[in-house]
Amino acid sequence: TGTLPAAPENPPPLAEVVNALYGADASELLQIIRMASGRADDKSLKSIMVVAHNPGLHELSHELIGKAGADDREALAENLPTSGVAVFRFAVDDWSDVSPRRGGLELFVSPPVLPLQGERSWKRLESR
């Protein structure tokens, strides 16, 4: 388990429990992500974290990939395991514009290979 310290000038992240995430399929998860725009009073909402269950989260992750490294794409296509992390970047101004095949897979970390890929992957993400 690791934590990234929040920058002192940034307020702590907001957290919202969305009960509909539990058991949601890929299309329901995408709708919840798109609704993030309507939940933010502040247009500066630049990132969201979705914690949900499979198979919906794995299916959505696979659908969102527009651009990815071959190894990450292949590994994610195989499985998004429990505690796996997939980080996507979208070239959109509003969360309502998130759509399939428009996400760049920035990072995929899978617990079974974490000792092999973890440090390298996190450094890659931090450098962006």
Candidate set from the range 53-81 (those that are outside any helix (DSSP H, G or I) and of a type in the set (A, V, I, L, M, F, W, C)); member that is farthest from ARG102 (Cα to Cα) | LEU80
Among the residues of the range 65-74, is any open to solvent by less than 40 Å² (accessible area, probe 1.4 Å), touching a residue at least 40 places away in the same chain (Cβ under 8 Å) and not small (Gly, Ala, Ser)?
-> yes
Among SER37, SER47, SER83, the single one that is modelled with pLDDT under 90 and surrounded by 13 or more Cβ atoms within 10 Å (Cβ to Cβ) is SER37
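The values are calculated or read from the model by the stated rules, or taken from the named source; none is laboratory data. Predicted model only: the values in this text are computed from it and were never measured. When we count neighbours, we look across all protein chains shown, and the Cβ atoms used for this are built from the backbone with ideal geometry, even at glycine. What goes into the accessible areas is simple: the full protein's heavy atoms, side chains included, and nothing from ligands, DNA or RNA. Shrake-Rupley method; radii C 1.70, N 1.55, O 1.52, S 1.80 Å.
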